[in-house]
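J.: What follows is a structure written as structure tokens; I'll ask about it next.
The values are calculated or read from the model by the stated rules, or taken from the named source; none is laboratory data. All values reported here derive from a predicted model rather than from experimental measurement. Cβ: placed from backbone, ideal geometry, glycine included. Neighbour counts: every protein chain shown.
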Amino acid sequence: MPSSYATAQDRIRDYFDTVGFEKWQRFARGEAQNRIQASIVAGREQAMATLLAWGGNWRGRTVLDAGCGTGAFARRLVAAGAIVTGVDISAREIEAAREHVPEAVFRQADFYAVAETFDVIVCLDSLIYYAEDDLVQLLQHLVRHTRAALYFTFTPRTLFFEVMHAVGKLFPKGNTSPAIARIKAKRLYARIAKETDWRPVRTTHISSSFYQTTLVELRPDGDVSAQAASAVARR
């Protein structure tokens, strides 16, 4: 396990077990205390709705919610008929998820502790803190435990985020949340195609002011049409 990954894990665990816990509890309830938080809540709702629509019929499918947090998306998956397992490194979030979604199975675990195989794996805003190399290695591990599809989000490197990052450096506000990695989309897609047997078949960018994320659907190489792979590669 790379040292950069372990460092990111420590920061994420510390944040979501402490100051970040109550904030993300509110987000899961759809509550916001300011304009920035309202945009995050709205963006996440759009991302979850899009992901559910992409998945089609979830009934009876085994789904791993990797980085499940307090169970906001797991609740929607259960309602859609999926058989859900959730993992997260935050003990507090796993405890909350068990309370909020008793129909699912939750355990405190790292991504690399995933050993069983699922029909679908979902990583909704749980991989956004990892640099490109760590992200690709995580995807290499997770696709080995997925039969049909893997969905994940990442934050693209755009002018908007470069400006926001610069402003954050100029006007620090004591935010203790782990830093979000900004990834070059075309290079990421090329590396996935080269370093795994899976391919991006669909991507969409979700923009809600301060919430900017790209949702990706990966499928095994044999399930990808040449037209779909070519369309994604050009983005």
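J.: Only one residue in Thr70, Thr18 is modelled with pLDDT of 90 or more and either of a type outside the set (A, V, I, L, M) or surrounded by fewer than 14 Cβ atoms within 10 Å (Cβ to Cβ) (or both). Which one?
T.: Thr70
J.: Is there any pair with a first residue in the stretch 75-92 that is free of Cβ contacts under 8 Å to residues at least 40 places away in the same chain and a second that is surrounded by 18 or more Cβ atoms within 10 Å (Cβ to Cβ) and aromatic (Phe, Trp, Tyr) whose Cβ atoms are under 7 Å apart and which are 6 or more apart or on different chains, and what are they?
T.: Ala80/Trp58; Gly81/Trp58; Ala82/Trp58; Gly86/Phe106
J.: Restricting the first residue to the stretch 33-50 and requiring it to be under 22 Å from Val216 (Cβ atoms), which pairs with a second residue that is among the hydroxyl-bearing types (Ser, Thr, Tyr) and not in a helix (DSSP H, G or I) meet a Cβ separation below 6 Å and a spacing of at least six or different chains?
T.: Ser39/Ser208; Ser39/Ser209; Ser39/Tyr211; Ile40/Tyr211; Ala42/Ser208; Gly43/Ser208; Gly43/Tyr211
J.: State all residues of the stretch 203-224 that are under 22 Å from His141 (Cβ atoms) and either in contact (Cβ under 8 Å) with a residue 40 or more places away in the chain or not β-branched (Val, Ile, Thr) (or both); if no residue qualifies, say none. Outline the logic, then answer.
T.: Restricting attention to the stretch 203-224, the residues satisfying the condition of being under 22 Å from His141 (Cβ atoms) are 203, 213-224.
Answer for the stretch 203-224, where residues must be under 22 Å from His141 (Cβ atoms) and either in contact (Cβ under 8 Å) with a residue 40 or more places away in the chain or not β-branched (Val, Ile, Thr) (or both): Thr213, Thr214, Leu215, Val216, Glu217, Leu218, Arg219, Pro220, Asp221, Gly222, Asp223.
J.: Right, another one. Just a yes or no: is a residue in the stretch 44-53 among the small types (Gly, Ala, Ser), closer than 20 Å to Val143 by Cα and either surrounded by 15 or more Cβ atoms within 10 Å (Cβ to Cβ) or touching a His at 6+ places or on another chain (Cβ under 6 Å) (or both)?
T.: Taking every residue of the stretch 44-53 in turn, none turns out to be among the small types (Gly, Ala, Ser), closer than 20 Å to Val143 by Cα and either surrounded by 15 or more Cβ atoms within 10 Å (Cβ to Cβ) or touching a His at 6+ places or on another chain (Cβ under 6 Å) (or both).
J.: Condition check: at pLDDT 95 or above and not charged (D, E, K, R). Does Thr196 satisfy that?
T.: yes
J.: Which one of these is β-branched (Val, Ile, Thr) and at pLDDT below 95: Thr158, Thr214? I'd like the intermediate steps shown before the answer.
T.: Values: Thr214 fails: at pLDDT below 95.
Criteria check complete, one pass: Thr158.
J.: How many residues are among the β-branched types (Val, Ile, Thr), touching a helix residue (DSSP H, G or I) at 6+ places or on another chain (Cβ under 7 Å) and within 16 Å of Phe152 (Cα to Cα) if we restrict to the stretch 47-86?
T.: 1
J.: Which of the following residues is touching a strand residue (DSSP E or B) at 6+ places or on another chain (Cβ under 8 Å) and farther than 28 Å from Tyr5 by Cβ: Ala42, Ala74, Ala53, Ala113?
T.: Checking each option against the conditions leaves just Ala42.
J.: A further question on this structure: Any idea which of (1) touching a Gly at 6+ places or on another chain (Cβ under 9 Å); (2) at pLDDT 95 or above is the one Ser90 doesn't satisfy?
T.: Going through (1) touching a Gly at 6+ places or on another chain (Cβ under 9 Å); (2) at pLDDT 95 or above one by one, Ser90 breaks only (2).
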